[in-house]
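Participant: Below you'll find the structure I mean.
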Amino acid sequence: MCGIIGYMGNKQAMPVLLNGLARLEYRGYDSAGIALLEDGEIKVFKQAGRLANLQERLSGNGFSSTTGIGHTRWATHGRPTDYNAHPHSDCGGRFVVVHNGIIENYLELKKWLISEGHIFKSETDTEVLPHMMEHFYKGDLIPAVSMMIEKIRGSYAMVVLSTLEPDNLISVRKDSPLVIGLGDEENFFASDVPAFLHYTRNVHYLDDGEISLIASNRVEIFNEMGQGVSKPVHMINWEAEQAEKGGYDHFMLKEIHEQPASLKKTLSGRISEDGCRVDLQELSLDVDEIKKIKKIFITACGTAYHAGLVGKYAIESLARIPVEIDIASEFRYRNLVVEPDSLVVVISQSGETADSLAALRDSKKRGMPVIAITNVVGSSIAREADHVLYTWAGPEIAVASTKAYTAQLMSLYLLALYLANVRETIPEEESRQIILELLSLSSKAQLILDKKETILDIGLGYENCKSIFFIGRGLDYAVACEGSLKLKEISYIHAEAYAAGELKHGTLALIEKDVPVVTVATQPFLFEKTFSNIKEVKAREADVFALAMEGIGEVQKEASQVFYIPETHPLLTPVLSVIPLQLLAYYVSLARGCDVDKPRNLAKSVTVE
Ligand code: F6R
C-alpha cells in the first residue's frame, strides 16, 4: 500500500526522503516519486518500478532543498506508470500532493475541474487534489485543504507542498495512516514510523479529520472545526535496526527467526505471579461483562484470519463460549444475527486493513464491543477498538506474515485463558499446565529453527511442483490453511489446504504422482484418522511430507519425510507446526528465484477494500 513521507528541516531533503521511502518499501508499491522545493520552484521526479530506479536516476544530483515530499505508490486507479506515480501537481506547478487511499468521487470531481479549465496528466484519483487546491487557495493553505476535504469522499492521508507557502507542509488524514515525527529543527510526516526512525523517536499520532502543519521548528494540529488541538508525544522504543534485515538475506527469514523472542515478549507481564492465571487488565474488561458474554465473533483477513481459526478452537474449548468466525471482507455483508452480550475480536497485524477496520466499525454500529488484537500501536484499528491486546512482535516488514501470526496465536491463547479464568470454566491446575506450556513455546520454537536444514532439503524437492496440497484435521487444518497461503503467496505454486476428511468428497481426484501432500498430524486424538488420510493419498502415488508431534504415532511408516515438532499441549501445536511450513515456503520461494519479501501483486498493508 502507498507510503508517504514529508520533510521540512535543516538537512538536504532528497536523501532523507529516499531513505524514508526505502523504509516504507515493505508496504508494497509499484512506483515511487519525490518533489523538492528548490529555488522557489517544485521539482518532481517520479518513475514506475523499484525505488532503486529512482535513486539511481537522482544519484549525483546535489539539490540543496531542505523541504520535500515523497511517495511509494501501489496502483489502484490507473496503471503503475511514470505519469500515474505520485507526487501529482496542479496546472501551474504551485501545489503538489502525495496521497494514500482512494478518492471515491474523483470522476465527478475531475469532470467539474475540467469544466473549470484544469488540465489532467494522469489516470489517477489523486490528481483531483492538487487541482482542487489550486481552485480553493485564497492565500492560506489550511482553509483550502478544509474546503477540499469537504468535497471529497473516500479515504486519504495526504501531504501538500506549495510554492506559495514554502515554509510549511500541510497534511490531512481520514481512514489512512499518517504520523508526525518530531525532530530537532526538523519535522516529518510519514505513513509509518520506520520512515523517520533514524532521525527521531518522538511522534504525534493523527486522528481522522485532523489537519496538520509542519515547519522546521513547529507543528500545529487542527480538528475538523479548525480549532487547534494539542496531542500527546509518543516515544517509539523500536530499535532502528529492528526495522532492517539484521544480517539475514531476507526480512522474512529474519522475522521467522524472531519468533522465539516475539512469543516471549507477547507473553511477558500477562501471567499472574503464581503462574496459574492470565492477567489481561490492560483490556479493561469488567468481570461481570466477561461473565455475561454469550457469543464471540472473530473477524480478520488472510493470515490473521487463520490465526482466528485457532482462536475459535481455543476460546470454545477453554472458555466454553460459542465463537463464529468470518473473513472480514464478508463479515459486514452477511445478515448477522446479533444477540445481546456478544463481543467481537478483530485481528490485524497492521491495524490498518480496510476490511478489518470496516468490520470493526460495523460491529460497533451494531452495539457490539470490539477487542482488537494488533501489532501496531496507534493504528486505526487500535484506536477505534474498545479494548486492545497488542501482539509485541515488533515491526513486520516482509509481506508474508510470520512472526505476527504466531504472536496473534499467543494473544488468542492468552485471551481464551483469561476468559476461562474469569468464567471459571477450567480448573486452576489445568490453567497452570497450559501456562507452563505457553512459557515453553519460545524455546521449543528455537529447537525447530535449529533444525531448519531439514526443511531446506524438503523445499528443494518442491521447486518444480505445479501443485501442492496441505491437509489436516481440527487445529491441524487451521495450520494447513496458513501453510498453503504462505507457500502460494511467495513461491507462486498452486497450493490448497483441505480438511483431510473432506478429500474423498471430490479433491482426491486431483491427487496423483508429482502432487505432494503436506500433512499436518499433530493432534493426538485425530492422529489415527489423519494417518488413514496419508494412506489414502499415498495410494494415489502422492509424496507425503508429514508434520507430527514427538511421542504421537509412527507417521514415518507411511510418510516419505517427517518433521517432528517438540511435544506440547495439543491446543498449542499451531505455534510450533507452522514454523516448518513458513520455512518450507521460504526455501521453495528462494529456490524458484522469487522476490521473497515482496511477492508480486501483493501489499503488506491492504488499506483499500
Ligand atoms: C499473508 C498476509 C496477509 C495478511 C492480511 C491481513 O502472509 O500477510 O494475508 O495477513 O492482509 O493483514 P493485517 O493482519 O495487517 O490485517
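The values are calculated or read from the model by the stated rules, or taken from the named source; none is laboratory data. Just so we're clear, the structure is a prediction, and the values are computed from it rather than from any experiment. As a convention, Cβ positions derive from the backbone with ideal geometry for all residues, glycine included, and neighbour counts pool all protein chains shown. Note: accessible area is taken over every heavy atom of the protein model, side chains too, but ligands, DNA and RNA are not part of it. Shrake-Rupley method; radii C 1.70, N 1.55, O 1.52, S 1.80 Å.
Participant: Which members of region 436-492 meet the condition of being touching a Cys at 6+ places or on another chain (Cβ under 8 Å) and surrounded by 24 or more Cβ atoms within 10 Å (Cβ to Cβ)?
Facilitator: Once the filter is applied, which keeps residues that are touching a Cys at 6+ places or on another chain (Cβ under 8 Å) and surrounded by 24 or more Cβ atoms within 10 Å (Cβ to Cβ), region 436-492 yields Phe470, Ile490, Ser491.
Participant: Quick one: would you say Ala500 is over 27 Å from the mean Cα position of the chain (by Cα) and surrounded by 23 or more Cβ atoms within 10 Å (Cβ to Cβ)? Can you show your working first?
Facilitator: On the way: over 27 Å from the mean Cα position of the chain (by Cα): yes; surrounded by 23 or more Cβ atoms within 10 Å (Cβ to Cβ): yes.
In short, yes.
Participant: For Arg79, only one of the following conditions fails: (1) modelled with pLDDT under 90; (2) surrounded by 22 or more Cβ atoms within 10 Å (Cβ to Cβ). What is its number?
Facilitator: The single condition Arg79 does not satisfy is (2).
Participant: Do you know which of the residues in region 356-368 that are touching a residue at least 40 places away in the same chain (Cβ under 8 Å) and surrounded by fewer than 24 Cβ atoms within 10 Å (Cβ to Cβ) is nearest to the ligand (Cβ to nearest atom)?
Facilitator: Applying the filter and picking the extreme gives Ala358.
Participant: For region 72-95: of the residues being β-branched (Val, Ile, Thr) and in a loop (DSSP other than H, G, I, E, B), which is farthest from Ile34 (Cα to Cα)?
Facilitator: Out of the qualifying residues, it is Thr76.
Participant: Looking at region 386-408 only, could you name the residues that are in contact with a strand residue (DSSP E or B) (Cβ under 6 Å, 6 or more places away or on another chain) and within 13 Å of the ligand (Cβ to nearest atom)?
Facilitator: To start, the set of residues in region 386-408 that are in contact with a strand residue (DSSP E or B) (Cβ under 6 Å, 6 or more places away or on another chain) comprises 386-389, 408.
Across region 386-408, the qualifying residue is only Gln408.
Participant: Let me ask something additional. From Glu127, Glu123, which residue is more than 19 Å from Ala195 (Cα to Cα) and open to solvent by 10 Å² or more (accessible area, probe 1.4 Å)?
Facilitator: After ruling out the rest, the residue left standing is Glu123.
Participant: Of (1) within 20 Å of Val346 (Cα to Cα); (2) assigned to a loop (DSSP other than H, G, I, E, B); (3) within 23 Å of the chain's Cα centre (by Cα); (4) not hydrophobic (A, V, I, L, M, F, W, C), Arg334 satisfies all except one. Which?
Facilitator: Going through the list (1) within 20 Å of Val346 (Cα to Cα); (2) assigned to a loop (DSSP other than H, G, I, E, B); (3) within 23 Å of the chain's Cα centre (by Cα); (4) not hydrophobic (A, V, I, L, M, F, W, C), Arg334 breaks only (3).
Participant: Where in region 499-609 are the strands (runs of 3 or more DSSP E), entirely inside, with at least 2 residues that are under 18 Å from Leu456 (Cβ atoms) and among the aromatic types (Phe, Trp, Tyr)? Let's see the steps before the verdict.
Facilitator: Working: elements: 517-521, 544-549, 561-565.
Those strands (runs of 3 or more DSSP E) span 561-565.
Participant: Quick check on Tyr413: is it more than 15 Å from the ligand (Cβ to nearest atom), within 30 Å of Gln582 (Cβ to Cβ) and crowded, with 23+ Cβ neighbours inside 10 Å?
Facilitator: Numbers: more than 15 Å from the ligand (Cβ to nearest atom): yes; within 30 Å of Gln582 (Cβ to Cβ): yes; crowded, with 23+ Cβ neighbours inside 10 Å: yes.
Yes: the conditions hold for Tyr413.
Participant: OK, next. So which of Lys292, Lys231 ends up being open to solvent by 80 Å² or more (accessible area, probe 1.4 Å) and either on the phi > 0 side of the Ramachandran plot or away from the ligand (no atom under 16 Å from the Cβ) (or both)? Before the answer, list the steps.
Facilitator: On the way: Lys231 fails: open to solvent by 80 Å² or more (accessible area, probe 1.4 Å).
Unique residue meeting the criteria: Lys292.
Participant: I'm told Leu109 meets every condition in (1) open to solvent by 30 Å² or more (accessible area, probe 1.4 Å); (2) of a type outside the set (S, T, N, Q); (3) part of a helix (DSSP H, G or I); (4) in contact with a helix residue (DSSP H, G or I) (Cβ under 8 Å, 6 or more places away or on another chain) except one. Can you identify the failing condition by its number?
Facilitator: That leaves (1) as the condition not met.
Participant: For the subset of region 271-289 comprising residues that are β-branched (Val, Ile, Thr) and out of contact with any Lys or Arg (no Cβ under 7 Å at 6 or more places or on another chain), which member is surrounded by the fewest Cβ atoms within 10 Å (Cβ to Cβ)?
Facilitator: This residue is Val287.
Participant: On the given criteria, is Ile298 surrounded by 24 or more Cβ atoms within 10 Å (Cβ to Cβ) and either within 16 Å of the ligand (Cβ to nearest atom) or in the same structural domain as Ser191 (by TED's automatic domain parsing) (or both)?
Facilitator: Details: surrounded by 24 or more Cβ atoms within 10 Å (Cβ to Cβ): yes; either within 16 Å of the ligand (Cβ to nearest atom) or in the same structural domain as Ser191 (by TED's automatic domain parsing) (or both): yes.
So Ile298 passes the test.
Participant: Does Ala420 satisfy the criteria of being of a type in the set (A, V, I, L, M, F, W, C) and under 25 Å from the mean Cα position of the chain (by Cα)? Write out each step before concluding.
Facilitator: Details: of a type in the set (A, V, I, L, M, F, W, C): yes; under 25 Å from the mean Cα position of the chain (by Cα): no.
The answer is no for Ala420.
Participant: Give Pro570, Pro574, Pro524 a once-over and let me know the one that is under 18 Å from Leu309 (Cβ atoms) and either over 32 Å from the mean Cα position of the chain (by Cα) or open to solvent by 10 Å² or more (accessible area, probe 1.4 Å) (or both). Lay out the reasoning, then the answer.
Facilitator: Values: Pro574 fails: either over 32 Å from the mean Cα position of the chain (by Cα) or open to solvent by 10 Å² or more (accessible area, probe 1.4 Å) (or both); Pro524 fails: under 18 Å from Leu309 (Cβ atoms).
Among Pro570, Pro574, Pro524, only Pro570 is under 18 Å from Leu309 (Cβ atoms) and either over 32 Å from the mean Cα position of the chain (by Cα) or open to solvent by 10 Å² or more (accessible area, probe 1.4 Å) (or both).
Participant: Quick one: in region 584-609, which of the residues that are within 11 Å of the ligand (Cβ to nearest atom) and over 14 Å from Ala75 (Cα atoms) is nearest to the chain's Cα centre (by Cα)?
Facilitator: Looking at the filtered set, the residue picked out is Pro599.
Participant: Something else: Residues of region 79-94 being closer than 12 Å to Ser31 by Cα and either in contact with a strand residue (DSSP E or B) (Cβ under 7 Å, 6 or more places away or on another chain) or not basic (Lys, Arg) (or both), which ones? Before you say what the answer is, go through the steps one by one.
Facilitator: First, pick out the residues of region 79-94 that are closer than 12 Å to Ser31 by Cα: 79-87.
Pro80, Thr81, Asp82, Tyr83, Asn84, Ala85, His86, Pro87, listed by residue number.
Participant: Same structure again: Does at least one position in region 332-351 carry a residue that is within 13 Å of the ligand (Cβ to nearest atom), at negative phi and surrounded by fewer than 18 Cβ atoms within 10 Å (Cβ to Cβ)?
Facilitator: no
Participant: Follow-up. Inside region 17-41, can you point out the residues that are over 22 Å from Asn601 (Cα atoms) and surrounded by fewer than 23 Cβ atoms within 10 Å (Cβ to Cβ)?
Facilitator: Those that are over 22 Å from Asn601 (Cα atoms) and surrounded by fewer than 23 Cβ atoms within 10 Å (Cβ to Cβ): Leu18, Asn19, Glu38, Asp39, Gly40, Glu41.
Participant: May I pose another question? Return the residues of region 316-331 that are within 16 Å of the ligand (Cβ to nearest atom), among the hydrophobic types (A, V, I, L, M, F, W, C) and assigned to a strand (DSSP E or B); say none if nothing qualifies. Let's see the steps before the verdict.
Facilitator: Residues of region 316-331 that are within 16 Å of the ligand (Cβ to nearest atom), as a first pass: 325-331.
From the residues that got through so far, the ones that are among the hydrophobic types (A, V, I, L, M, F, W, C) too are 325, 327-328, 331.
Ile325, Ile327 - these are the residues of region 316-331 that are within 16 Å of the ligand (Cβ to nearest atom), among the hydrophobic types (A, V, I, L, M, F, W, C) and assigned to a strand (DSSP E or B).
Participant: With the structure loaded, tell me whether Lys11 is in a strand (DSSP E or B) and open to solvent by 40 Å² or more (accessible area, probe 1.4 Å) or whether it fails that test.
Facilitator: Considered against the rule, which asks whether it is in a strand (DSSP E or B) and open to solvent by 40 Å² or more (accessible area, probe 1.4 Å), Lys11 comes out as no.
Participant: In region 376-385, which residues are within 11 Å of the ligand (Cβ to nearest atom) and either among the aromatic types (Phe, Trp, Tyr) or open to solvent by 10 Å² or more (accessible area, probe 1.4 Å) (or both)?
Facilitator: Matches in region 376-385: Val376 only.
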